[in-house]
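A quick write-up on the structure given underneath.
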Amino acid sequence: MKAVMKSLVLAGEAPDAFQMHAGYEGKPYFDAGYLDPISDLWKEEGWEAAIPKVVQDMVKFNGEYYAVPVNIHRVNVVWYNKAVLDANGIDPATLTNWDAFFAACDKLVAAGIAHPISLGDVGKWTDTHVLEQIIAGEGIGFYEDWVNGKVTSATDPKLVHALETFKKYLGYVNPDHAALTWDEATAMVIRGDAAFNVMGDWANGEFYVAGKEYGKDYGTFPTPGTAGMYGLCIDCFQHPKGVKHPENSLKWLRVVGSKDGQDAFNPIKGSIPARTDADVTKYGPYQKAAIADFKAATYMYPSVAHGSGAPEAFTAKLDDIMSAFVDTRDVSAAAKALTDAITAASADYTIVWKLH
Amino acid sequence: MRFIKDKINTLLVFLPSLILVGYFVYASIGWNAIVSLSDWKGLRPSYNIVGLSQYAYLSHDPVFWTSLENNLLLISLFVPGSLFLGLFLAILLDAKVRAENTFRTIYLLPFALSFVITAALWAWMYNPSIGVINTLFEKIGLGFLKSGWTTDSSIAMYSVILALIWQFSGYTMLVFLAGIRSIPESQIMAARVDGASSLNLYKRIVIPQLKFSALAAFVVLMVFALKAFDFIFILTGGGPGYSTYVLPLMMYRETFSMTHFAYGAAIATLLFVIVMMVVVPYLYMSSRRGKE
């Protein structure tokens, strides 16, 4: 769909508004001059008071606002099957670092669950998704360097440590992952074939459709090392330049950014609103917990796997590099390929993220 | 006078299609070649000519060499594989079995199906834990033949080639069947009267006369092997890692995912040159044969 959108925009036939992820995904359009700034709209609607700073930064280019965030999805979430953990005496609240997490996995393997972590990487992006949570677990400072294109040494100890952690993680993963889509991996946790799955909170919809109850059949905790951190994947709408109905486009943006608009859309979508003044009663149990976490988050970071945190030229390459890593488990080759890709795309790193 | 009028009429009849093909095909190819000499990155077109630097960059890109290798592997296995399987099926069908039409339809059906659909089906069949192929092997006692198929990077490309041979053998069968049927019946009867066995009949009479059909099918298969995109994109997306990456896939990724338009144009131009190296000799040979 993104390829179609680029062709439409290039041809001057852009729709009055289209969804995109905040951050770098909008950059090709901004660079080519296809977006109109909407800072005036932001002032009129008073959105700055209702939307947190990191989210504001994600919809700005060169200090001006260009998009309105409609929702927040969290990416650093581990989904677990409660029955499986209870049966093996594992308390998810203790899994705050990778050592504890892997110890729990060892326990599950000993108890007969051969592959306690499920992964489905058809499409390759799920591999990058796991990597970025591991990188975030190395500390917000390192993540900030990573998304600012500063991690250029293949022997960077934090990068190597992150890849080694990922390698260990892969030792607990189902061998047919390359044939499963992300939701099929989530289904493994729903069925109890696996205990854990790392996925953004759009996975909640899968549990909901399967009739599972949050807190009773399944639960979540932040990926090890990222307690208090909220990894962001944000959908937003923008105001393309020269659209056929500019007034309608602005009206749509007003609805999208309003409290009522967000509270109407998000309960169904499964995400939480970008505004901090949401009406919490409208949301399901997982979302209530997520809204509380969002308000209390110490740090927020833009997701790379979903096009926000790093230039698209880098992310597309990263997906391939991660898919190759999952296949070969070669840490030094992956570190070299990754840092080479960052260096090759260095001219594209124009956004300077300030995350802490 | 009449002769010139005829010529003008002929030209006028051809003119509309000449203009359309000229603009949408040849001018576009030329335009693409010019883009490949520029530095266009991102959504704003830029026609700064920077010479052959995109091609130089291409020659240092390991992904390009992997993709080229995979394309060559595809050509070296897929083309002969489809030709031989097609020939075999055509010979079988030529034996005038009772349900010939049914069998012909069955063999031809895969080629008539959308590549996207068959690729999705093959992805499900190749699933190592619950796919039809591994499960069948298990059930009939051939468990040792089970493997990761497209999830195993060492054999993923071969699995892709196998699926493509299945898809195309119906087409080559049809081409060969037509070729076999066009051999004069008198030759076959004369050979039989002279006491030729079936094997000799096929070896000495039928197969040598299929050279032209084989060449026609060969060119079609070669060109497909160089531009195969949708099937591979759906089946593996180029994965695992880079093991099933092919040039058209790389071109798509670079151009649309990474907006490196000039780089993608360079890959496209290179592909065009390779395809021309296959097609032009064929056209020359067939026009010469036409003159004979």
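The values are calculated or read from the model by the stated rules, or taken from the named source; none is laboratory data. Worth saying up front: this structure is predicted, and the values here are computed from it rather than measured. Because the Cβ atoms are built from the backbone with ideal geometry, glycine has one as well, and the counts that use them run over all protein chains shown.
Those residues that are within 14 Å of chain B (Cβ to nearest Cβ) and touching a strand residue (DSSP E or B) at 6+ places or on another chain (Cβ under 9 Å), I need them from the stretch A:26-60; list them, please.
If the condition is that a residue be within 14 Å of chain B (Cβ to nearest Cβ) and touching a strand residue (DSSP E or B) at 6+ places or on another chain (Cβ under 9 Å), then A:26, A:27, A:29, A:30, A:31, A:34, A:35 are the ones that fit.
Going residue by residue through the stretch B:262-280, is there one that turns out to be more than 29 Å from residue B:162 (Cα to Cα), aromatic (Phe, Trp, Tyr) and touching a residue at least 60 places away in the same chain (Cβ under 8 Å)?
Checked against the condition, which is being more than 29 Å from residue B:162 (Cα to Cα), aromatic (Phe, Trp, Tyr) and touching a residue at least 60 places away in the same chain (Cβ under 8 Å), the stretch B:262-280 yields at least one hit.
For the stretch B:238-260, which positions are on the phi < 0 side of the Ramachandran plot and assigned to a loop (DSSP other than H, G, I, E, B)?
B:239, B:240, B:242, B:243, B:244, B:245, B:246, B:258, B:260 - these are the residues of the stretch B:238-260 that are on the phi < 0 side of the Ramachandran plot and assigned to a loop (DSSP other than H, G, I, E, B).
Do you know which residues across the stretch A:52-102 are outside any helix (DSSP H, G or I), aliphatic (A, V, I, L, M) and within 21 Å of residue A:220 (Cβ to Cβ)?
A:72, A:75, A:77, A:78, A:90, A:95
Kindly list, by first and then second residue, each pair from a residue in the stretch A:48-64 that is touching a residue at least 12 places away in the same chain (Cβ under 8 Å) to a residue that is of a type in the set (Ser, Thr, Tyr), limited to pairs with Cβ atoms under 8 Å and residues at least 6 apart or on different chains.
A:50/A:276; A:51/A:276; A:52/A:276; A:54/A:301; A:58/A:308; A:59/A:65; A:59/A:66; A:64/A:39
Working carefully through the options B:144, B:137, find the one that is modelled with pLDDT under 90, more than 16 Å from residue B:237 (Cβ to Cβ) and more than 11 Å from chain A (Cβ to nearest Cβ). Show your work before the answer.
Numbers: B:137 fails: modelled with pLDDT under 90.
Exactly one of B:144, B:137 is modelled with pLDDT under 90, more than 16 Å from residue B:237 (Cβ to Cβ) and more than 11 Å from chain A (Cβ to nearest Cβ), namely B:144.
Being surrounded by 12 or more Cβ atoms within 10 Å (Cβ to Cβ), touching a helix residue (DSSP H, G or I) at 6+ places or on another chain (Cβ under 6 Å) and charged (D, E, K, R) is the requirement here; does residue B:94 meet it?
yes
Tell me which residues, restricted to the stretch B:147-169, are small (Gly, Ala, Ser), surrounded by 14 or more Cβ atoms within 10 Å (Cβ to Cβ) and within 12 Å of another protein chain (Cβ to nearest Cβ).
B:147, B:148, B:153, B:156, B:159
Mind checking which helices (runs of 4 or more DSSP H) fall wholly inside the stretch A:272-356 and carry at least 2 residues that are more than 14 Å from every other protein chain (Cβ to nearest Cβ)?
Values: elements: A:285-296, A:312-328, A:331-344.
Output list reads A:285-296, A:331-344.
If the requirement is being assigned by TED's automatic domain parsing to the domain that holds residue A:122, surrounded by 22 or more Cβ atoms within 10 Å (Cβ to Cβ) and modelled with pLDDT of 95 or more, which of these qualifies: A:196, A:207? Full working, then the answer.
On the way: A:207 fails: modelled with pLDDT of 95 or more.
Of A:196, A:207, the one residue that is assigned by TED's automatic domain parsing to the domain that holds residue A:122, surrounded by 22 or more Cβ atoms within 10 Å (Cβ to Cβ) and modelled with pLDDT of 95 or more is A:196.
If you go through the stretch A:278-332, how many residues are within 22 Å of residue A:21 (Cα to Cα) and exposed (fewer than 15 other Cβ atoms within 10 Å of the Cβ)?
Here the count works out to 1.
Can you find, within the stretch B:97-146, the residue that is surrounded by the most Cβ atoms within 10 Å (Cβ to Cβ) among those that are in a helix (DSSP H, G or I) and of a type in the set (D, E, K, R)?
Of everything passing the filter in the stretch B:97-146, B:104 is surrounded by the most Cβ atoms within 10 Å (Cβ to Cβ).
Every residue in the stretch A:202-228 that is touching a helix residue (DSSP H, G or I) at 6+ places or on another chain (Cβ under 6 Å) and either under 30 Å from residue A:355 (Cα atoms) or within 14 Å of chain B (Cβ to nearest Cβ) (or both), please.
A:203, A:204, A:219, A:221, A:223, A:224, A:225, A:226
Being within 14 Å of chain A (Cβ to nearest Cβ), on the phi < 0 side of the Ramachandran plot and not charged (D, E, K, R): is that true of residue B:182 here?
no
Any idea which of B:191, B:216, B:196, B:178 is outside any helix (DSSP H, G or I) and farther than 25 Å from residue B:123 by Cβ? If you could, list the steps in order and put the result at the bottom.
On the way: B:191 fails: outside any helix (DSSP H, G or I); B:216 fails: outside any helix (DSSP H, G or I); B:178 fails: outside any helix (DSSP H, G or I).
Among B:191, B:216, B:196, B:178, only B:196 is outside any helix (DSSP H, G or I) and farther than 25 Å from residue B:123 by Cβ.
Determine which single condition residue B:204 fails, assuming it passes every other condition in (1) of a type in the set (Lys, Arg); (2) away from every other protein chain (no Cβ under 14 Å); (3) touching a helix residue (DSSP H, G or I) at 6+ places or on another chain (Cβ under 7 Å).
Single failed check for residue B:204: (3).
Of all the residues that make up the stretch A:99-134, how many are among the aromatic types (Phe, Trp, Tyr) and modelled with pLDDT under 95?
We begin by selecting, within the stretch A:99-134, every residue among the aromatic types (Phe, Trp, Tyr); these are A:101-102, A:125.
Okay, now just the ones that are also modelled with pLDDT under 95, so A:125.
Qualifying residue count for the region: 1.
Quickly run through the stretch A:14-34 and pick out the residues that are surrounded by fewer than 17 Cβ atoms within 10 Å (Cβ to Cβ) and small (Gly, Ala, Ser).
A:33, the sole residue that qualifies.
Out of the residues in the stretch A:150-167 meeting the condition of being surrounded by 21 or more Cβ atoms within 10 Å (Cβ to Cβ) and in contact with a Gly (Cβ under 9 Å, 6 or more places away or on another chain), tell me which one is farthest from residue A:336 (Cα to Cα).
A:165
Looking at B:226, B:249, B:283, B:271, can you tell me which residue is within 26 Å of residue A:326 (Cβ to Cβ) and more than 10 Å from chain A (Cβ to nearest Cβ)?
From the options B:226, B:249, B:283, B:271, the qualifying one is B:249.
Just to be sure, is residue B:172 closer than 30 Å to residue A:119 by Cβ and either in a helix (DSSP H, G or I) or within 14 Å of chain A (Cβ to nearest Cβ) (or both)?
So residue B:172 fails the test.
Among the residues of the stretch B:94-108, is there at least one that is of a type outside the set (D, E, K, R), over 30 Å from residue B:214 (Cα atoms) and in contact with a Gly (Cβ under 8 Å, 6 or more places away or on another chain)? Walk me through it before giving the result.
Pass one, the stretch B:94-108, residues of a type outside the set (D, E, K, R): B:95, B:97, B:99, B:101-103, B:105-108.
Narrowing further to those that are over 30 Å from residue B:214 (Cα atoms): none.
Within the stretch B:94-108 (the criterion being of a type outside the set (D, E, K, R), over 30 Å from residue B:214 (Cα atoms) and in contact with a Gly (Cβ under 8 Å, 6 or more places away or on another chain)), the answer is no, since none of the residues qualifies.
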